[in-house]
Amino acid sequence: MQGPAMSDQGAVANRRMLVSGNWKMNHDHLSAIRTVQALGLMASDDDLRKVEVSIHPPFTSLRSVQTVIESDDMPFKLGAQNCHFEDAGAFTGEVSAAMLAKLHVEYVIVGHSERRVLSGETDEVVRAKLDAVLRHRMRPIVCVGETFDERERGSTADRVEAQVTAAIAGLEEEATARLVFAYEPIWAIGTGLTPSVPEARQACDLIRSVVAGLSGDGASRSIRIQYGGSVNPDNTREMLTATGFDGVLVGGASLDAGSFAAIISAAARAG
Ligand code: PGA
């Protein structure tokens, strides 16, 4: 597979920033429609040319958001927050990657820490979901990150390396190249805390080097790595300019169209 063009500095020239809004369990289908329509009015065309944007509503709002995006020709990508690894079967309450692909979903978050912690998702389950998303030609956004205790013990790098390794070991280089990783320190999610720029840069570099070691330099240059955890319009630009990240995964601040549009704009200025 042909990798993206490289500039003199070694940065990837044609890899667009990816700004993703993870709505978690917020917005019913009516408020989802209103929010996407408002975002379509607030986000500038210029920003949306520079930055790719994915919106990840709850399952119950996916169809409504898909219809709004497609009928109004909005430049937003449809995203999901989770999926099951089997295509169909006796799995009460689950939704398969196959079903998401049918709805024109393009990005699926896998291994979000809330699912790892609250729903007991293991690295093996996360890997099976990643495989299912790739099988249906969508792109996984694979979340990795350490807990507060792991950070205090100095084991951030070990944790992140183990999660990245479990996610991609044995995966073809071409498949790995399609991935998005999101570095989300668990202690930073919804707390207003963020890692320092050197800490964030270290985690970003680590993910890229683990991918290079396991899947090759081409894959390592092609993957995109987002930062996630208390992203807001004020910290987006710094997080993107000083660290090597290729975008942000936004929780709380993506629920309001105005603040999400401001984050998109900050990312466009950082790109
Ligand atoms: P937050 O959530 O932006 O509300 O901290 C981020 C996430 O969990 O993806």
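In the condition set (1) without any contact (Cβ under 8 Å) to a residue 60 or more places away in the chain; (2) within 19 Å of Ser113 (Cβ to Cβ); (3) surrounded by fewer than 21 Cβ atoms within 10 Å (Cβ to Cβ), Gly252 is compliant with all but (1). Among the conditions (1) in a helix (DSSP H, G or I); (2) within 16 Å of the ligand (Cβ to nearest atom); (3) of a type outside the set (Asp, Glu), the only one that Ser54 does not satisfy is (1).
When the stretch 78-114 is limited to residues that are surrounded by fewer than 19 Cβ atoms within 10 Å (Cβ to Cβ) and within 28 Å of Asp46 (Cβ to Cβ), the one that is farthest from the ligand (Cβ to nearest atom) turns out to be His104. When the residues of the stretch 216-233 are filtered to those that are among the hydroxyl-bearing types (Ser, Thr, Tyr) and away from the ligand (no atom under 12 Å from the Cβ), the one that is nearest to Ser254 (Cα to Cα) is Ser222. Against the definition (assigned to a strand (DSSP E or B) and either more than 10 Å from the ligand (Cβ to nearest atom) or among the β-branched types (Val, Ile, Thr) (or both)), how does Phe260 come out, yes or no? No, not satisfied. I need a count of the residues in the stretch 236-257 that are of a type outside the set (Val, Ile, Thr), in contact with a Phe, Trp or Tyr (Cβ under 9 Å, 6 or more places away or on another chain) and either within 13 Å of the ligand (Cβ to nearest atom) or not in a loop (DSSP other than H, G, I, E, B) (or both). Number satisfying all stated conditions: 8. Looking across Glu172, Glu150, Glu146, one residue alone is crowded, with 17+ Cβ neighbours inside 10 Å, charged (D, E, K, R), farther than 19 Å from Asn82 by Cα and more than 16 Å from the ligand (Cβ to nearest atom). It is Glu150.
Filtered by the rule that a residue be in a loop (DSSP other than H, G, I, E, B), crowded, with 21+ Cβ neighbours inside 10 Å and more than 12 Å from the ligand (Cβ to nearest atom), the stretch 180-208 gives a lone residue, Pro195. The residue list Met74, Met42 contains one member that is more than 18 Å from the chain's Cα centre (by Cα) and surrounded by fewer than 18 Cβ atoms within 10 Å (Cβ to Cβ), which is Met42.
FYI, it's all coordinate maths here, none of it is from the lab. This one's a predicted model, so the numbers in the text were calculated from it and none came from an experiment. For neighbour counting, all protein chains shown are included, and Cβ atoms are generated from backbone atoms with ideal geometry for every residue, glycine included.
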